[in-house]
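Comments concern the structure below.
The values are calculated or read from the model by the stated rules, or taken from the named source; none is laboratory data. Please read all numbers here as calculations on a predicted model, not as lab measurements. Cβ: placed from backbone, ideal geometry, glycine included. Neighbour counts: every protein chain shown.
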Amino acid sequence: MAYYAHTTDNKDKSDWQLLIDHLVNVAEYSEKFANAFGAGKLAYTAGMVHDLGKYSKEFQERLEGKKHKVDHSTAGAKELEEKYGCQIGRVLAYVVAGHHGGLPNGNRGNDRNLLSRLEKEDLPNYSSYENEIQIPLLGKEDIKNIPVPQNAETSAFSRSFFVRMLYSCIVDADFIDTEKFMAFDKSIHRGSSANISDIFIKFENTLKELEFKSLNNATSINIERQKILQSCLEAANCKNGFYTLTVPTGGGKTYSSMAFALKHAIKNKKDRIIYVIPYTSIIEQNAQVFRDALGMDVVLEHHSNFDYPDGSYDNWSDNEKKHRLSTENWDMPIITTTAVQFFESMFSNKSSKCRKLHNIANSVVILDEAQMMPLDYLMPCLWALVELIENYSVTVVLCTATQPAIRDMLPSNINPIEIIENPIGLQKAFERVKIQYLGNISDLNIAAEITKLDQVLCIVNTRKHAKKLFEKIAELTSDGIYHLSARMCPAHRKQILAEIRIRLREKKTCRVISTQLIEAGVDVDFPVVYRAMAGIDSIAQAAGRCNREGKMNHGNVYVFEPEEHGMPKKGRFSKNASITRSIVRSFGDSILSLEAIKSYFELLYDFEREQLDAKDILKMIKEGEKELLFPFEDIAYSFNLIDDIMQTVIVPFDEEAKRLIFEMENSKYPGMYSRSLQKYSVQIYVFEREALVKAGAIGSEKVGGLYWVVRDSSFYNNLIGLMDAESVKAPNEVLLF
């Protein structure tokens, strides 16, 4: 009797995929993936038995059309634990049992948990597998190079992480082979043939152009930027490890960190570079910088604003197909992604999220704005980074102007190396501003002060405050005033920023009220900046928008205490601001010195010590160490970096947006418009979307099944962006598509 893994529409089974072929293919793919961390033979073994349950008569009848519900994943897990015991066998059992439904919890108590499944007695008879395959034998040589705990403190975490990495290899292999059989035309677009050496050659041309521009405009700041770049290129020759790159805002760390990563990858034979960015608002900007410098076809941009919905591939370009597929497993040489995507993937239990993990092995990971690592999950995140460094040949770089004081949270054998030889001297070279603390100031007084200045930037903590302050200033003057917030779509913000830069360059009046989004990688240069009280890291970012190019002796940064509506009650804004006030009392106007920044983070982490693993992720893992009974499903549920889920709304900002919405709504393949519509998207909370639907501003159904669309043009204001539901009361012209 022939046994099959997958079917086609042909009833004669002549082109069905044989089960033995699928098992061998998955085993070989898995072995190739896991060889990156010394576990090739274990992965091969798991791959060979992952679908053992398909050898049952019931499953084969299911393929023929009978409506049997068959558990085909537990069989292989049972065989592996029985053969190899509750250490190696249990590791493999997790991987096989969870290859469809996700990594299960280890303990008993639920039918889908691992121990409960291993004790199942009612599985269909799958013994026919013995006629086609043998479960591979594993000897000492096969496991001598697998990842092992490097110290007692992190041993449980290390073991659980190994399960995740092995799981990633098997599920990615299973997806790839299934896709190759079921959708071969789709599978041929997967992966990239580009190598890091060729990419670096192209990047060197960009660096030469930057050097030429610096020589033609040899300001002290440009000279220091070139020194930073050279320091990164020299440090790139070092071995794998944990590095910090402490560069003041405006120091050119985006190019310099990528230069380090590329050269280091070549030196240490790395497979890819993963650039992790905390804000979706700047990932698009950085990804475009990298595409321009490295090539369109080698950079993958993966985040929530850039999802590729399922649908036909017929209307996608080859490059778009390649990128869509690469979001699934990160098989591209350059990845730009968010901290949410990066860290949640490492603590997920779902196959769709975990399949990319094995491609993090043997890579360079750059964490931009590293101080933004999520505080409630800081310890698990740091331990994951340490594990990648110690056992998976990963080099990690924490890149920021305000390095978090994390040394005491790391294992004793991990000592991050600073790439910059003299960070204190570098910071002094970049001292371009004087900071003054103003105390409490009302919106009315701030507005009055701003209107006295020709060029000024005011950064506040909330969209509500930005709107209120902008409206107060608009009552006083209409000359050169601008508003920036995440309620404006990227195309709108880009347009406004272009106007702002022109006015700054031409010495025209330019008064900008912005939320924190302008602090994240936006290259503007104001002589005066006002900043509502916040954490030291936010104030440092704001200061980076003042006298950025060092053309003045010094710029002026004024830190003020806003009215109540300007200090968010949710989250840690108030606590962070309180710690900043303490730093102001201790350091006066030198709150941005490296000593002050270190003191700020030490106080912050001491204050939040009990919350650095707020969901007890590490505790859950430790409790399961003895019998390898890790609660993978519970951890995935608990590890949620964004409590409030945001939804994407498309706004008809201009004629192009209206045309794209119309075409998407009438297209058989609406997914093909996702990339084009990205620049017209705004992220809002679910309750905000529901209120806007009720107000008639947004359609009651997603267009093309993909996106909510603003239908009433009056709800999108050309000065401040998407309005709240209560902001527009009168009926207005409705856009119909």
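Annotations for the structure displayed:
- Helices (runs of 4 or more DSSP H) enclosed by the stretch 1-76 - at least 1 residues per element that are touching a residue at least 40 places away in the same chain (Cβ under 8 Å), among the β-branched types (Val, Ile, Thr) and assigned by TED's automatic domain parsing to the domain that holds residue 88: 19-34, 40-49
- Pair list, Cβ < 6 Å and 6+ apart or interchain, from the stretch 498-521 residues that are among the polar types (S, T, N, Q) to residues that are surrounded by 14 or more Cβ atoms within 10 Å (Cβ to Cβ): 509/454; 509/480; 514/459; 514/484; 515/463; 515/466; 515/485
- Exclusive hit being over 24 Å from residue 177 (Cα atoms) and among the polar types (S, T, N, Q), set 35, 105: 105
- Candidate set: the stretch 259-269, residues that are in contact with a strand residue (DSSP E or B) (Cβ under 6 Å, 6 or more places away or on another chain) and under 14 Å from residue 298 (Cβ atoms); chosen: the one surrounded by the fewest Cβ atoms within 10 Å (Cβ to Cβ): 265
- Taken over the stretch 326-353, residues that are touching a Ser or Thr at 6+ places or on another chain (Cβ under 8 Å), more than 12 Å from residue 168 (Cα to Cα) and in a helix (DSSP H, G or I) amount to 3.
- Within the stretch 174-203, the set of residues being surrounded by 14 or more Cβ atoms within 10 Å (Cβ to Cβ), farther than 28 Å from residue 97 by Cα and modelled with pLDDT of 90 or more comprises 196, 198, 199, 200, 202, 203.
- Whenever a residue of the stretch 189-213 is in a loop (DSSP other than H, G, I, E, B), its partners that are hydroxyl-bearing (Ser, Thr, Tyr), lying with C-beta atoms within less than 9 angstrom and at least six residues away or across chains, give the pairs 189/313; 190/326; 191/326; 192/326.
- Given (1) without any contact (Cβ under 8 Å) to a residue 40 or more places away in the chain; (2) touching a Pro at 6+ places or on another chain (Cβ under 9 Å), number of the condition residue 678 does not satisfy: (1)
- Matching helices (runs of 4 or more DSSP H) fully within the stretch 82-171 where at least 1 residues are out of contact with any strand residue (DSSP E or B) (no Cβ under 9 Å at 6 or more places or on another chain) and more than 27 Å from residue 32 (Cα to Cα): 114-118
- Those residues of the stretch 684-710 which are surrounded by fewer than 17 Cβ atoms within 10 Å (Cβ to Cβ) and under 24 Å from residue 279 (Cα atoms), in sequence order: 685, 686, 687
- In the stretch 234-244, the residues that are out of contact with any Leu (no Cβ under 7 Å at 6 or more places or on another chain) and outside any helix (DSSP H, G or I): 236, 237, 238, 239, 240, 241, 242, 243
- Every residue from the stretch 407-448 that is among the polar types (S, T, N, Q) and surrounded by 15 or more Cβ atoms within 10 Å (Cβ to Cβ): 427
- Breaking point among (1) surrounded by fewer than 19 Cβ atoms within 10 Å (Cβ to Cβ); (2) in contact with a helix residue (DSSP H, G or I) (Cβ under 9 Å, 6 or more places away or on another chain), for residue 478: (2)
- Leading residue by the ranking (surrounded by the most Cβ atoms within 10 Å (Cβ to Cβ)) among those in the stretch 603-622 that are among the acidic types (Asp, Glu) and modelled with pLDDT under 95: 608
- Hey, residue 566 on the phi > 0 side of the Ramachandran plot and out of contact with any Cys (no Cβ under 6 Å at 6 or more places or on another chain) or not: no
- If you go through the stretch 529-569 and pick out every residue that is surrounded by fewer than 21 Cβ atoms within 10 Å (Cβ to Cβ), assigned to a strand (DSSP E or B) and either without any contact (Cβ under 8 Å) to a residue 24 or more places away in the chain or not acidic (Asp, Glu) (or both), you end up with 2.
- Residues in the stretch 93-108 that are at pLDDT below 95 and over 17 Å from residue 637 (Cβ atoms): 2 in all.
- Of all residue pairs spaced 6 or more apart or on separate chains, those with beta-carbon atoms under 6 Å, a first member in the stretch 471-486 that is under 13 Å from residue 499 (Cβ atoms) and a second member that is in a loop (DSSP other than H, G, I, E, B) are 480/509; 483/719; 483/720.
- Residue check for residue 262: under 20 Å from the mean Cα position of the chain (by Cα) and at pLDDT 95 or above: yes
- If you go through the stretch 253-294 and keep only what is aromatic (Phe, Trp, Tyr) and part of a helix (DSSP H, G or I), you end up with 255, 260, 290.
- Residue ID - surrounded by the most Cβ atoms within 10 Å (Cβ to Cβ), chosen from residues in the stretch 146-173 that are over 19 Å from residue 26 (Cα atoms) and among the aliphatic types (A, V, I, L, M): 156
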